[in-house]
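The values are calculated or read from the model by the stated rules, or taken from the named source; none is laboratory data. All values derive from a computational prediction rather than experimental measurement. Here the Cβ positions follow ideal geometry from the backbone for every residue, glycine too, while neighbour counts run over all protein chains shown.
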């Protein structure tokens with residue numbers, strides 16, 4: 001599916017830098033993915049994607065939960081991500097799972113498209 005092709009392209013791009021791909025499957029269909037990158041102290045959620053036809057079914061929450069579990073078991077102290085300021089659904093998901101806004105990144109994506117830096121303490 002398009003979800004798998006996109007995820008594989010991003011995974012290949014990040015694999016040399018410690019990227020890990022988590023893929024949610026429903027039978028034989030990919031219904032979402034999370035791409036993470038870790039350093040010694042923290043885990044970054046680089047991308048979390050669920051196709052529109054599979055949203056609001058718990059897929060994003062499951063992927064985020066698995067990423068946080070992996071970070072905790074890997075003794076990471078912090079999980080970080082950026083989310084577009086206008087993406088209300090994603091912001092609500094992240095806040096409901098314990099993330100908090102720690103910074104505002106003006107023009108992060110392009111002029112007029114801002115991001116929020118969010119963190120989740122794991123320690």
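Points worth noting:
- Among the residues examined, residue 102 qualifies as modelled with pLDDT of 95 or more and closer than 20 Å to residue 118 by Cβ.
- For residue 105, the stated conditions hold: it is over 24 Å from residue 5 (Cα atoms) and in a strand (DSSP E or B).
- Set 63, 93: member being modelled with pLDDT of 95 or more, touching a strand residue (DSSP E or B) at 6+ places or on another chain (Cβ under 8 Å), surrounded by 14 or more Cβ atoms within 10 Å (Cβ to Cβ) and under 18 Å from residue 49 (Cβ atoms): 63
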